[in-house]
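Before any comments, here is the structure.
The values are calculated or read from the model by the stated rules, or taken from the named source; none is laboratory data. On a predicted model such as this, the values are computed, not experimentally measured, just so you know. FYI the Cβ positions are ideal-geometry reconstructions off the backbone, even for glycines, and counts take in every protein chain you see.
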Amino acid sequence: MCLLDTTDGALMMALYTSKAFARDIVAILYYSIVLTGITIFVSAFIGLIQILSLVENVAEPEGPFWAGVGAIGDNYDIIGGSICGLFLLVGVVSFFVYRPWRRRVERRQAGLVEGAIVEQREASGPRPASPAPGGIDEP
């Protein structure tokens, strides 16, 4: 678990100090959300396993669910390897998803801005006629 936390901290540090991301605030936010989301998921999963293992050891319930909890509690090495693999998989997938996602968001924002400009022009009514050349209005 310590190795996983250290790796997560190192990735966050690399993200915040990377010169490649220094100018792209959206990329920093995107990868921060991805790393934070996977960290929250993993910590909640580990906490749930710990609580269920504690209940199993104290109350000694029986049944297939509790047998599964016992099996999971006995195989933390497999869970740790799976978590490392999950971090790697989510990191690689988020890397390949970022560019298409960013292009789609930028196109959507450009369309919204263009639509707002058109609506504003339509709402303001017809444009007044421009003055004649020379600055003198002819009747």
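Table: residues versus (1) closer than 28 Å to LEU54 by Cβ; (2) of a type outside the set (D, E, K, R).
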| position | (1), (2) |
| --- | --- |
| ASP77 | yes, no |
| GLY85 | yes, yes |
| VAL92 | no, yes |
| GLN109 | no, yes |
Within the range 31-42, is there a residue that is assigned to a loop (DSSP other than H, G, I, E, B), free of Cβ contacts under 8 Å to residues at least 24 places away in the same chain and over 22 Å from GLY81 (Cβ atoms)? no
Restricting the range 119-139 to residues that are at pLDDT 70 or above and surrounded by fewer than 10 Cβ atoms within 10 Å (Cβ to Cβ), the residue that is nearest to ILE25 (Cα to Cα): GLN120
For ILE79, state whether it is more than 15 Å from VAL34 (Cα to Cα), among the β-branched types (Val, Ile, Thr), surrounded by 14 or more Cβ atoms within 10 Å (Cβ to Cβ) and over 17 Å from the mean Cα position of the chain (by Cα). yes
Test ARG102 against the criterion of being among the charged types (D, E, K, R), part of a helix (DSSP H, G or I) and loosely packed, with under 11 Cβ neighbours inside 10 Å, and give yes or no. no
Given the structure, is ARG103 under 29 Å from LEU11 (Cβ atoms), among the charged types (D, E, K, R) and within 24 Å of the chain's Cα centre (by Cα)? yes
Select from the range 10-64 the residues that are more than 14 Å from TYR98 (Cα to Cα), charged (D, E, K, R) and surrounded by fewer than 16 Cβ atoms within 10 Å (Cβ to Cβ) and list them in ascending order. LYS19, ARG23, GLU60, GLU62
Would you check if GLU56 is more than 32 Å from the chain's Cα centre (by Cα), at pLDDT below 90 and either assigned to a helix (DSSP H, G or I) or within 18 Å of LEU89 (Cβ to Cβ) (or both)? yes
Given the condition touching a Gly at 6+ places or on another chain (Cβ under 8 Å), farther than 18 Å from THR7 by Cβ, of a type in the set (D, E, K, R) and in a helix (DSSP H, G or I), answer yes or no: does some residue in the range 63-75 qualify? no
